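See structure below.
A short reminder: the numbers here are calculations on the coordinates, not readings from a lab. Computed from a prediction, not measured in an experiment: that's the story for all the values here. Positions of Cβ are generated from backbone atoms using ideal geometry, with glycine treated the same way; all protein chains shown enter the neighbour counts.
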Amino acid sequence: MAVLTLKDRSLLRDKCFIGGEWRDADDSRVIDVTNPANGSVVATVPRMGASETRRAIESAQEAQAGWKALSGKHRAAILRKWFDLLIENQDDLAAIMTAEQGKPLAEAKGEIVYAASYVEWYGEEAKRVYGDTIPAPTSDKRIVVIKQPIGVCAAITPWNFPAAMITRKVGPALAAGCTTVIKPASQTPLSALALCVLAERAGVPKGVLSCVTGSASEIGGELTSNPIVRKLSFTGSTEIGKVLMAQCAQTVKRTSMELGGNAPFIVFDDADVEAAVKGAIASKYRNAGQTCVCANRFLVQSGIHDAFVKRLAEVVSLLKVGNGFDDGVQIGPLIDDKAVAKVEELVSDAISRGGRILTGGHRHALGHSFYEPTVVADTSPDAQIFAEEIFGPVAPVFRFDTEDEAIRLANNTQFGLAAYFYGRDIARVWRLQRRSSTVSSASTKALFRPRSPPSAA
């Protein structure tokens, strides 16, 4: 088993957190957590199932009344302490994340700050859960609306942002007075458990926050079928999201779903090439392209097309690939070999339909689950890579001539999570924002801020 150097070794846990206690699975089964950069085992965590999940839900129910009864100011103080501990321990938390997920250490540190910002923001909002007074139809009545916590919540989180997607869900739930059970991705459970360590130290009461690792089907099945759970929040694939929504319908749960993305990155003739390329690198290659809101399809107007793809390929070819702990690394591994195989399939299909590899296009010489940062020019809209989420460091470039054509191509997708566009015509920027079928859009900026898009709480 690989040795991970930490200032505080107690943050690295091999047990789950249920009802304020650290527990093994009932049958003592475990899951190996491996580093995708080299295949080494970082740690093991319990492989829990339905029975352990049920206990976590029941402990959340027992804690619900007490947590709800606390004032917003009191809950805010606890969340503020949790935020402070996240910031104080960001180096260790980042190291744990890089070890299990593979992203460069600098990116992991950035994610911890990003994750902490959700706790800070929603902790402050706990003091401002306002209601409404509504004019009544008759003078002898008064209509008052008060907001109440919905109750026990469940959060199923992904491996690509193993800390931020937890605090994005848990932060608002706890601030509102809800208790929560987390089911983190099996590839990256260590970050979730470390967050629970710090939540416990911050004074989050027993049962208010639990974390169950193990079988996705068994844990997910209990979270969706148990009537005690009143809301489920999920970030992940559209396919799994549909299944969870159908399961939640049986007990009429509320749901929040952040599902797949296929974001267009539109570059118009009047764009600044250097600015557009800089934005493309930030959006596409962050986390090795394993981001649901990252640019997935580059739509470039004919007049600037050649200059843009030439410069993009030059910059991409210089990106440093390697183990996330190595100095200067900008691109880490994909999460596993299955992810690499999918990228290979999409690139191969794009080439078969006329696409040209300008740089990259193969598994990296480092082996394991590394893939070369890639740019594919002359990509056909008929290619699979146009329709499917890549989740890898590949930028397929499509040419267009008119604004209407760009909008048609951009909106030709079942996904609607994000869009980016570069150009100097402010009137066109506003037109595109109105005509874009996405939840979030950004012009001349390639990253969203933590509190900019709607929360997946």
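General remarks:
- Put a plus charge on the Cβ of each Lys and Arg, a minus charge on the Cβ of each Asp and Glu, and nothing anywhere else: the dipole of the stretch 1-150 about its Cα centre is then about 560 debye.
- Antiparallel bridge percentage (DSSP; both residues within the stretch 263-443; nearest 5): 15 percent
- The stretch 9-258: antiparallel DSSP beta bridges as a percent of all, rounded to 5: 40 percent
- Contact order relative to length of the chain, as percent, for alpha carbon pairs under 8 angstrom and 6 or more apart: 16 percent
- Eigen-decomposition of the gyration tensor built on the alpha-carbon atoms of the stretch 263-443 gives equivalent ellipsoid semi-axes of 26, 17, 15 angstrom, largest listed first.
- Cα-based helix-to-principal-axis angle, 90-101 vs the chain, degrees rounded to 10: 60 degrees
- R0 of 51 Å, Cβ-Cβ distance Ser40-Gln384: FRET efficiency to nearest 0.05: 0.95
- Estimated FRET transfer efficiency when R0 is 25 angstrom, pair Asp272-Asp401 (beta carbons, to 0.05): 0.80
- For the stretch 237-252, 3J(HN,Hα) computed residue by residue from phi via the Karplus equation (6.51, -1.76, 1.60; θ = phi - 60°) reads 6, 4, 4, 5, x, 4, 4, 5, 4, 5, 5, 5, 4, 5, 10, 6 Hz, glycine and proline entered as x.
- Against the chain, whose longest principal axis is taken from its Cα atoms, helix 426-435 shows a tilt of about 60°.
- Local net charge near Leu79, Cβ-Cβ under 14 Å (Lys/Arg +1, Asp/Glu -1): +4
- Packing-based ranking, highest mean first, of 417-430, 180-193 given that Cβ atoms within 10 Å are counted: 180-193, 417-430
- In terms of packing, defined here as the mean over residues of other Cβ atoms within 10 angstrom, the peptides 220-230, 321-331 line up highest first as 220-230, 321-331.
- Among Thr359, Ala427, Ile390 - extreme Cα towards positive end, dipole of the stretch 263-443, charges at beta-carbon: Ala427
- Cα-based equivalent ellipsoid, the stretch 49-98: semi-axes from gyration tensor eigenvalues, Å: 26, 22, 4
- Fraction of beta bridges assigned by DSSP in the chain that are antiparallel (%, nearest 5): 30 percent
- For the stretch 196-344, diffusion coefficient by Stokes-Einstein and Kirkwood Rh (Cα), 37 °C, 0.692 mPa s, µm²/s: 171 µm²/s
- Furthest towards positive pole of dipole, Tyr371, Gly416, Val343, structure part the stretch 263-443, Cβ charges: Gly416
- Calculated FRET value between Lys15 and Ser225, using beta carbons and R₀ = 30 Å, to 0.05: 0.75
- Each label was represented as a point 7 Å from its Cα along the Cα-to-Cβ direction; for Gln250 and Ile143 these points are 3.8 nm apart.
- The charge dipole of the stretch 325-416, taken about its Cα centre with unit charges on the Cβ atoms of Lys, Arg (+1), Asp and Glu (-1) only, comes to about 160 debye.
- Here is how the number arises for the chain: DSSP H runs of 4 or more residues each give -39500 (n - 2.57), the sum is divided by the residue count, and the result at 222 nm is -13000 deg cm²/dmol.
- Only Lys, Arg, Asp and Glu carry charge here, each on its Cβ (+1 for the first two, -1 for the last two); on that basis the stretch 234-374 has a dipole of about 420 debye about its Cα centre.
- Taking 0.36 nm per residue of sequence separation and removing the Cα-Cα distance, the Val3/Gln61 pair yields an extension gain of 17.1 nm.
- Sparse-neighbourhood loop sites, trypsin sites (Lys or Arg not before Pro) in the stretch 259-344 - DSSP loop, at most 14 other Cβ within 10 angstrom: Lys320
- Distance between modelled label sites at Asp24 and Lys310, nm, 7 Å Cα→Cβ extension: 6.5 nm
- Qualifying lysines (Cα of each under 19 Å from Cα of Lys338; at least 8 residues distant if same chain): Lys103
- Charge-dipole axis of the chain as Lys and Arg at +1 and Asp and Glu at -1 on Cβ define it, positive-most pick from Gly324, Pro172, Ala246: Pro172
- Nitroxide proxy distance, nm - points 7 Å out along Cα→Cβ at Ala106 and Leu366: 1.4 nm
- Full-extension gain in nm, Arg54 to Ser302, via 0.36 nm per residue minus C-alpha separation: 83.5 nm
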